[in-house]
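The values are calculated or read from the model by the stated rules, or taken from the named source; none is laboratory data. What you see is a predicted model; the values in this text were computed from it and never measured. All Cβ positions, even for glycine, are placed from backbone atoms using ideal geometry, and neighbour counts span all protein chains on display.
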Amino acid sequence: MLPTTSLLAEPPPSPRPLPALAASSENASVIGISSGGYMATQLAVAWPERFAGLGVLAAGPWSCAQGSLGLALGQCMTTRRGMPDMQALEQRLAGYRERGLVGEAEALESLRVYVWHGGADAVVEPRLGEALVEQFQGWLRDPSQLQWRRDAEVGHGWPVDAMVGHLDDSELADCHDAGSPHLLACDSDIAGAALNWLHGEQAPPTGDAPHGELLRFDQGDFDAKGLAETGYLFVPEGCEEGGCAVSLALHGCSMAAEQIGEAFVRHTGLNAWAAENRRIVLYPQAEARLGNPQACWDWWGYAESTWQLDPMHDSRQGSQTRALMAMLERLQDAMPAR
């Protein structure tokens with residue numbers, strides 16, 4: 001009889017610790033879709049001095065849910081309970097700012113912001129994207145720092161140009177009807193549009209597979225409720241030597257690796273642009289679990305203490321916010337001496 005071990009498939013290598021890569025502390029950005037879009041805005045408002053740009057796809061205004069799942073479902077995805085109370089959100093921001101729980105207005109007003117929404121989005125009401133634009137129009141120093149794009153016939157997801165994303169249209173969801181893997185066959189390179197707006201004119205992808213390495217890393221070092229065990233990191237050739245900028249890319253609900261494999265971390269088009277422009281892409285991963293079965297990022301307060309009447313998930317005190325910022329800081333740390 002053969003040994004039992006010979007009948008087992010070789011397990012994948014264990015994820016390594018997230019490396020210190022002496023990444024640049026300048027010109028960082030955070031880009032997210034759906035729940036990741038809400039989380040991206042939370043990060044940028046909490047720590048605006050740490051980011052040059054914010055990209056939001058298919059999400060609504062900052063702190064829309066105000067710690068309430070009922071508002072998240074009824075005012076921040078659908079609007080069956082009406083549109084969000086924008087004055088209440090401004091008051092929440094002012095209260096946080098008085099307590100040092102978000103960044104200063106002077107830092108927030110210098111961001112560059114890219115907002116996209118599909119006009120046929122049946123998951124997050126497109127008017128909520130307009131509400132986010134309204135917020136930033138009041139926060140930014142100059143309206144020219146904001147680009148707002150709404151594609152009328154596009155559903156809920158991340159539009160992809162299959163050539164840039166390096167996959168076949170058959171592997172994508174329908175541009176209008178959407179669905180898993182929530183990467184949409186729209187022949188539209190939203191990744192490139194966002195990065196070019198946030199960081200100035202970028203060198204375009206060559207058409208070849210991105211030159212770099214996609215790594216799995218252990219998220220256990222960044223303890224926060226709702227994080228999966230493993231995250232992903234794309235490191236372009238040469239960036240292991242230091243000095244590259246960083247973009248955080250935050251998946252939406254039902255877009256984590258445990259649900260759609262490596263589709264999001266490989267095929268949005270971000271890696272193709274990053275490879276040509278010395279930009280590291282960090283792909284943290286949320287976890288599907290009881291109370292969060294779709295592996296959403298925490299934009300309504302599920303990761304905070306269950307007894308908190310007013311969870312501060314959308315502030316510097318948010319456990320996921322702290323974890324994501326710690327990941328960014330790790331990448332920007334000096335490399336250990338060899």
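Side notes on the structure shown:
- Test: residue in region 240-249 that is on the phi > 0 side of the Ramachandran plot and crowded, with 21+ Cβ neighbours inside 10 Å: no
- Residue list for region 77-99, restricted to those being in a loop (DSSP other than H, G, I, E, B), of a type in the set (A, V, I, L, M) and either more than 22 Å from the chain's Cα centre (by Cα) or surrounded by fewer than 19 Cβ atoms within 10 Å (Cβ to Cβ) (or both): Met83
- Of all residues in region 286-299, those being in contact (Cβ under 8 Å) with a residue 12 or more places away in the chain and either of a type outside the set (Phe, Trp, Tyr) or surrounded by fewer than 19 Cβ atoms within 10 Å (Cβ to Cβ) (or both) number 9.
- Unmet requirement for Glu104, which otherwise passes all of (1) more than 18 Å from Met39 (Cβ to Cβ); (2) touching a residue at least 60 places away in the same chain (Cβ under 8 Å); (3) in contact with an Asp or Glu (Cβ under 9 Å, 6 or more places away or on another chain): (2)
- Residues that are in contact (Cβ under 8 Å) with a residue 60 or more places away in the chain and part of a helix (DSSP H, G or I) within region 139-188 comprise Val164, Gly165, Glu171, listed in sequence order.
- Residues within region 28-42 that are within 20 Å of Arg150 (Cα to Cα) and in a loop (DSSP other than H, G, I, E, B), tallied: 1
- The selection criterion, being within 16 Å of the chain's Cα centre (by Cα), on the phi < 0 side of the Ramachandran plot and among the polar types (S, T, N, Q), holds for Ser35.
- All positions within region 129-138 that are touching a residue at least 40 places away in the same chain (Cβ under 8 Å) and either in contact with a strand residue (DSSP E or B) (Cβ under 8 Å, 6 or more places away or on another chain) or farther than 23 Å from Ser29 by Cβ (or both): Gly129, Leu132
- Selection within region 177-199 - within 16 Å of Ala272 (Cβ to Cβ) and in contact with a helix residue (DSSP H, G or I) (Cβ under 9 Å, 6 or more places away or on another chain): Leu183, Asp187, Asp189, Ala191, Gly192, Ala194, Leu195, Asn196
- Reported count of residues in region 198-240, each being among the charged types (D, E, K, R) and farther than 18 Å from Ala257 by Cα, is 6.
- Residues of region 105-117 classified as in a helix (DSSP H, G or I) and among the acidic types (Asp, Glu), total: 1
- Taken together, Val123, Val45, Val102 contain a single residue that is among the aliphatic types (A, V, I, L, M), buried (at least 19 other Cβ atoms within 10 Å of the Cβ), modelled with pLDDT of 95 or more and not in a helix (DSSP H, G or I), which is Val102.
- Region 48-76, subset outside any loop (DSSP other than H, G, I, E, B) and touching a Cys at 6+ places or on another chain (Cβ under 9 Å), residue surrounded by the fewest Cβ atoms within 10 Å (Cβ to Cβ): Leu71
- Filter pass, Gly200 being under 16 Å from Leu18 (Cα atoms), of a type outside the set (Asp, Glu), surrounded by fewer than 17 Cβ atoms within 10 Å (Cβ to Cβ) and without any contact (Cβ under 8 Å) to a residue 24 or more places away in the chain: no
- Selection status of Leu324, of a type in the set (A, V, I, L, M, F, W, C) and surrounded by 24 or more Cβ atoms within 10 Å (Cβ to Cβ): yes
- Any hit, region 223-238, residues being touching a strand residue (DSSP E or B) at 6+ places or on another chain (Cβ under 8 Å), farther than 29 Å from Ala178 by Cβ and not β-branched (Val, Ile, Thr): yes
- Just one residue in the set Tyr302, Tyr232, Tyr283 is within 18 Å of Tyr38 (Cα to Cα), free of Cβ contacts under 8 Å to residues at least 60 places away in the same chain and either surrounded by 22 or more Cβ atoms within 10 Å (Cβ to Cβ) or of a type in the set (Phe, Trp, Tyr) (or both); that residue is Tyr283.
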